[in-house]
Amino acid sequence: MNERTAHSPQPTARRAAAFSLALVLLAAACTSGADETTSSTTIVVENSSTTTTTVTSRPPLDEDGFYLALMWHQHQPLYPKDENGVVTRPWVRLHAAKDYWDMAELVSHYPDLRVTFNLTPVLLLQLEEIMNGTRDSYWVHTETPADDLTIDEKEFLNERFF
């Protein structure tokens, strides 16, 4: 397994099907109405078998509704630094710049929605280090002008960026 696949796994067909099934079941649990109705959902995932789920909708258990707790647990392992103090992996910076920010920004569009973001201490430590100027090896490689890159640096970029 190379470095890229070890730290950024692609969703599998099985995960996609399980997630879709969970959404269907959650939607069925959230529906209200006095009559029992049956609906069928077919989930087709590329390179996988077809899953058909039949869900019977029932009246909600509590006529006043129910409470749903959304909690996002954000974490990263403590990535090592090399002899120059450069972090060997880019994942904290990349997730902070994209995923963590995007999730918080998305929630801001729903002012009545209440969610919990749990950030682990080791993630907070690494985010603070980034704010204070710590860089990762991927970042360092992008600061070198292309004409000044060594053969090893070019191989690093070619294997990881393209």
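No value in this document is a laboratory result; all are computed from the given coordinates. None of the values given here were measured: they were computed from a predicted structure. Note that we place each Cβ from the backbone using ideal geometry, even for glycine, and neighbour counts take in every protein chain shown.
Computed values, structure above
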| read-out | value |
| --- | --- |
| Full-extension gain in nm, GLU143 to ASP64, via 0.36 nm per residue minus C-alpha separation | 22.7 nm |
| Local net charge near GLU105, Cβ-Cβ under 11 Å (Lys/Arg +1, Asp/Glu -1) | -1 |
